[in-house]
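Everything below concerns the one structure shown next.
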């Protein structure tokens with residue numbers, strides 16, 4: 001696994017942990033269930 005892959009996995013884990021802190025997040029994000037959400041990190045070349 002490359003450093004890039006490790007960094008992206010860490011970011012994904014962080015986002016999931018932050019969402020878990022919001023008791024209403026599951027309900028608000030239900031419409032997105034089963035979809036992929038891309039986040040572009042400006043200036044990094046990462047998506």
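The values are calculated or read from the model by the stated rules, or taken from the named source; none is laboratory data. The structure presented is a predicted model; accordingly, all values stated were derived computationally and were not measured. Don't worry about glycine lacking a Cβ; one is built from the backbone with ideal geometry, like all the others, and counts go over all protein chains shown.
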**Item:** Any chance residue 34 is within 14 Å of the chain's Cα centre (by Cα), exposed (fewer than 10 other Cβ atoms within 10 Å of the Cβ) and not in a strand (DSSP E or B)
**Value:** yes
**Message:** Checking the conditions here, which among 8, 18 is surrounded by 11 or more Cβ atoms within 10 Å (Cβ to Cβ) and without any contact (Cβ under 8 Å) to a residue 60 or more places away in the chain?
**Reply:** 8
**Prompt:** Mind checking which pairs have a first residue in the range 25-47 that is more than 12 Å from residue 8 (Cα to Cα) and a second that is surrounded by 10 or more Cβ atoms within 10 Å (Cβ to Cβ) and at pLDDT 90 or above, Cβ under 7 Å, 6 or more apart or different chains?
**Reply:** 25/19
